[in-house]
Structures are given as C-alpha cells and as structure tokens.
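In what follows, a structure is listed as structure tokens, so that the remarks can point back to it.
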Amino acid sequence: MRIDIITIFPEMFDGPFSESIIKRAQEKNLAEIHLHQLRDYTTDKHRKVDDYAFSGGAGMVMMIEPVARCIDALKAERDYDEIIYMSPDGELLDQKMANMLSLQGNIIILCGHYKGIDERIREHLITKEISIGNYVLSGGELAAAVLVDSMVRLIPGVLGDETSALSDSFQDGLLSPPVYTRPREFRGWKVPEILLSGDEKLIAEWKYEQSLKRTKERRPGMLDEES
Ligand code: SAH
C-alpha cells in the first residue's frame, strides 16, 4: 500500500511513523508513506497556501491552487484509489472503514488547516472525507496519523501474529475481553482462575462471554449492527 500525505507540517509525522508497527510495515515494504510539503507547490514567492475567506469572517482558508498542483503531480505518476480529505464533518472512521481502506493500493490524504480548505477542492478533487471523531482539531495531521495507523496495522503481514488483529475489538463485531499477565496476584487482586486452568475450551467460552458482556455494557449499539 502506498500512502501520499499532503501537509504543511510534514515533521508532525516524524514521531508516529518512525516507531513501532508503522515503522516495521515500512521496513518490510508493506506500506510506503510519502510526505509532501504543500508549500512546495505554490507559485507564490512567500510560499503562501492560505488566504482570507470571501465574504469575510474569522480565519484563513487553504487555497485551491497549491492543492490542485500537488494532487495533479501525484496523479501524473500513478492512479489513486482514493483521495481523502481529513475533516470533522466527514464520514466517521471505524474499524470497518479501516479494513476496507487497508485493501487499497494507492491513496492520498490531504490535511487541512486554519478554517478548512476551499470548498471547490472538496467538490472536485476529493473522493472521500473522513473524520476521526466529533471534535475539532487544529489540523488534519494528527487525524491522518490515526487513520494511517488504523489501516497499516491491518495489512496482512504487518502484525507479527496475524490473529492479534483479528481478535481486536470491533474486528468480529464485539469488544475484546479483558487480558491479564504476571503476577497471578497483586495486592490481593487475582487473575480469574479459569485463565490459569489450561482448559482451552472453557477459556474460549469465558472470553466470548466476557466480550459479549463488555459489548452489551459499553457499546450496546454494536450488537444491533449487521456485520
Ligand atoms: N472550520 C472547520 C474546522 C477546521 S479544523 C469546521 O468547523 O469544520 C482544521 C483542519 O483540521 C481541518 O481542515 C481538518 O483537516 C482537520 N480536522 C479537524 N478536526 C478533525 C477531525 N475530527 N477529523 C479529521 N480531521 C480534522
């Protein structure tokens, strides 16, 4: 999978993309992530990418020209399956969407800033708009990093033990059961006996019951959804 990210703050991705699973996915050539500085695509001598909104009002708006030039340059090199704009009013990111996007070959992710981007970019250049939650961030970079993490870990071969993604919350329509590790007892707080029993069938049943209970308590809506 190839991911091209258009941003005015490429350095913001240094941390999240150079550690752990995303780092490993890139090293194994399962994910290729390219960052593009939007300012490199302006014709303005001050490398300006924002301007005042027509009709006034507070805040600056990201201009269409540099975004269009950057997207055109990328599209001239290869075809893209999706051109995504991170936006609080986009479709809410969930595990199903992460699964579907992880199957794509090439995608572009555009990070907005300021008051947002010129609406014509959304109308004519963007194919999908994604929000990571009903709150407003200062820019699309953190949202894009969340999206990339959620997709990349699902690419087959990225996680060492593939079943570990399959048993994650949401993956099978249920939340994950609780997990424990050593010591067996801490301050009198014990690990459930059944997990120490070695009886695989009973343990599997216990895990399923716990998943169901947790889902009923915390995300009852998930049980009504078709999977
Ligand atoms: N004025 C806009 C918000 C702009 S926030 C509005 O009210 O809808 C600036 C940028 O941050 C946006 O262009 C978008 O790229 C990003 N952003 C903010 N919140 C986000 C969220 N919840 N999910 C995804 N991207 C978000």
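The values are calculated or read from the model by the stated rules, or taken from the named source; none is laboratory data. The structure presented is a predicted model; accordingly, all values stated were derived computationally and were not measured. Here the Cβ is made from the backbone with ideal geometry for all residues, glycine too, and neighbour counts use every protein chain on show. Surface accessibility is based on the protein's heavy atoms, side chains included, excluding ligands, DNA and RNA. Shrake-Rupley method; radii C 1.70, N 1.55, O 1.52, S 1.80 Å.
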Quiz item: In degrees between 0 and 90, to the nearest 10, how far off the longest principal axis of the chain does helix 200-218 point, with axes built from Cα atoms?
Solution: 50 degrees
Quiz item: Which value, in Å², gives the accessible area per residue of the range 2-152 when a 1.4 Å probe is used on the protein heavy atoms?
Solution: 53 Å²
Quiz item: For the charge dipole of the range 169-226, defined by +1 on Lys and Arg C-beta atoms and -1 on Asp and Glu C-beta atoms about the Cα centroid, which residue among LEU175, LEU202, PHE186 has the Cα displaced farthest towards the positive pole?
Solution: PHE186
Self-check item: Solvent-accessible surface ranking, highest first, for ARG24, ARG214 at 1.4 angstrom
Solution: ARG24, ARG214
Quiz item: Restricting attention to the range 1-107, which chymotrypsin sites (Phe, Trp or Tyr not before Pro) occupy a DSSP loop and are surrounded by at most 14 other Cβ atoms within 10 Å?
Solution: PHE54
Exercise. Per residue of the range 71-86, in order, report the coupling 6.51 cos²θ - 1.76 cosθ + 1.60 (Karplus, θ = phi - 60°) as ³J(HN,Hα) in whole Hz, putting x for Gly and Pro.
Key: 5, 4, 4, 5, 5, 5, 8, 6, 8, 10, 7, 9, 10, 9, 10, 6
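If I compute solvent accessible area with a 1.4 Å probe over the protein chains, what percent of it on the range 2-152 is carbon and sulfur?
For the range 2-152, the apolar C and S fraction of the accessible surface comes to 50 percent.
Within the chain, what's the longest run with no GluC sites (Glu not before Pro) in a DSSP loop and at most 12 other beta-carbon atoms within 10 Å? Give the range, please.
20-161
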Self-check item: the range 106-227, relative contact order in percent, only Cα pairs under 8 angstrom and at least six apart counted
Solution: 19 percent
Self-check item: Two-decimal log10 I(q)/I(0) for the chain, as the Debye equation yields it once each C-alpha is a single scatterer, q = 0.14, 0.15, 0.18 Å⁻¹
Solution: -0.95, -1.04, -1.32
Quiz item: Ignoring ligands, DNA and RNA, what percent of the 1.4 Å accessible area of the range 169-226 is carbon and sulfur?
Solution: 50 percent
Quiz prompt | Cleavage-rule hits (trypsin sites (Lys or Arg not before Pro)) in the range 46-98: DSSP loop, at most 16 neighbouring Cβ within 10 angstrom | solution = ARG47, LYS48, ARG78
Practice problem: Would you list which lysines come within 29 Å of LYS207, measuring only between C-alpha atoms, while excluding same-chain residues fewer than 8 positions from it? | Solution: LYS96, LYS190, LYS216
Self-check item: DSSP-loop trypsin sites (Lys or Arg not before Pro) across the range 107-205, with at most 10 other Cβ within 10 angstrom
Solution: ARG187
Quiz item: Can you tell which of ILE83, SER131, ALA68 lies farthest toward the positive end of the dipole of the chain, using +1 and -1 charges on the Cβ of basic and acidic side chains (Lys, Arg; Asp, Glu)?
Solution: SER131
Quiz prompt | Net dipole in debye of the range 118-227 [+1 Lys, Arg Cβ; -1 Asp, Glu Cβ; about Cα centre; nearest 20] | solution = 520 debye
Practice problem: Can you tell me the FRET efficiency between GLU27 and ARG218 if r is taken as the Cβ-Cβ distance and R0 is 45 Å, rounded to the nearest 0.05? | Solution: 0.80
Exercise. Name the most mobile residue of VAL152, VAL179, VAL67, meaning the one with the largest mean-square fluctuation, in a Gaussian network model of the chain with Cα contacts below 10 Å.
Key: VAL179
Quiz prompt | Two-site FRET efficiency, SER138 against LYS201, from Cβ-Cβ distance with R₀ of 41 Å, rounded to 0.05 | solution = 0.20
Quiz item: How high is the relative contact order of the chain, in percent, counting Cα pairs under 8 Å that sit 6 or more residues apart?
Solution: 20 percent
Quiz item: Cα centroids of the range 160-227 and the range 101-115: how far apart, whole angstrom?
Solution: 33 Å
